1. State the volume of the convex hull built on the alpha-carbon positions of the range 293-376, expressed per residue in Å³ and rounded to an integer.
2. Work out the FRET efficiency for residue 330 and residue 365 from their Cβ-Cβ distance, taking R0 = 22 Å, and round it to the nearest 0.05.
3. When a footprinting reagent is the concern and you count Cβ atoms within 10 Å, what order do 428, 55 take, fewest first?
4. Pull out a ≥ b ≥ c, the square roots of the eigenvalues of the alpha-carbon gyration tensor of the range 288-445, then state rounded if a/c is under 1.5, prolate if not and a/b is larger than b/c, and oblate in the remaining case.
5. Where both residues lie in the chain, what percent of DSSP beta bridges are antiparallel, nearest 5?
6. In units of 2.2 N^0.38 Å, what is the alpha-carbon radius of gyration of the range 1-115?
7. Be a star and scan the range 275-314 for residues whose amide nitrogen sits under 20 Å from the point 7 Å along the Cα-to-Cβ vector of residue 343.
8. Please order 413, 306 by the number of other Cβ within 10 Å, starting at the fewest.
Ligand code: SAM
Ligand code: SF4
């Protein structure tokens, strides 16, 4: 490593928003003259983009930081980004004094300034007398949102890792404050980008050869154009009409903000994918109330009925939490009956995990972990048979997939359908990654389909 060469290593955990934040952080670092390296050992700056949604995430972060510490050499710097950074704040410096930078996602727009501060410290032998210089002589830089920011992290330097499909964040933060969820505390208040800026980014991506765009937000459909030009459904439609864009996805939708206009947009614009992820969390209105979800079972089912009545065959997936404080066997059965009624194409189910700062932390988490596991496994088993049945209806169909990768070991190509289903298929021809081809479905499994090229 040259004396003044700036290198970084970035490790990412968590949701798609974190993955995409990392793409923007990488782009920002590269634009500031850094080079990305493959190992912690090679890096001058080690960054860790964290998630705190469940399961003692903060403890895992501190364990990882302890691992990093063993690799600490003269001049190597460590930074913690993302939700655990925002949640734990200055406590990170106390428990892991080798960390120099702690930055939550709502402050990423300040990264160039923070990097400049850090950078001076990395490349000079004599430490600068920064105002954040701590008593122990180590530089400490923080970007911690106090929920006042109105800014989104917009950058022209996004280093996307896939050349065919890419993310665009259209709304950051969350104002919903569901009683179990840490996101409003870690990602700040809701702020949307202008539709103009989103469409310009979609156009830039199309010009670079991207054909699939996924619009992202913790509550993507709470989107409010600050310029007042487009509703969320209108923005979806407009992104689908950007020349060159063939597929548009969006996640995650909140049932409360899910209007029928979204289904109408899907019905009228072929580029919008036949898939909606609409988390329900529980099938019991009593539990939904305790979770502060702001809708009832019936209101949720009304939204499902709009999708079932659509001209297109929209696949529906959701998130569920089992074992929320006070969930009785009857409440749990109501969730099971909801799965039976909706016939989802996929369910992400989680055991309730108490999170710091959330209103539910004060509730008695009396359901033993073993019982939460029993409910989780029972639910997943029930859903597995629903998915097997749902996927069987594709047998014999010819469906268009985007070719995503090649599985050499199985001599199969891996494709994705508009319904977001994985379709593994054989082909005599060599195919181009990112191309769209028709595939005839020959076998159905609960979590994937198998087929053969249909041309
Ligand atoms: N905004 C989305 C919504 O309202 O449905 C969800 C975003 S959250 C990052 C993803 C999922 O994590 C949630 O839908 C929920 O099922 C799960 N989750 C969030 N907090 C949780 C907790 N404390 N314990 C277990 N699961 C949790
Ligand atoms: Fe969390 Fe609820 Fe906001 Fe979703 S809507 S991110 S579950 S607080």
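1. Hull volume normalised by residue count: 109 Å³.
2. Working: r = 19 Å, r/R0 = 0.87.
With a Förster radius of 22 Å, E is 0.70.
3. Exposure proxy ranking, most exposed first: 428, 55.
4. prolate
5. Around 35 percent of the beta bridges assigned by DSSP in the chain are antiparallel ones.
6. 0.99
7. Answer for the range 275-314: 275-280, 283, 298, 300-314.
8. Least crowded to most crowded, the residues run 306, 413.
Where a number appears in this text, it was derived from the coordinates with a stated rule and is not lab data. Note that this is a predicted model, so its numbers are computed, not measured. We place every Cβ from the backbone using ideal geometry, glycine too, and count neighbours over all the protein chains shown.
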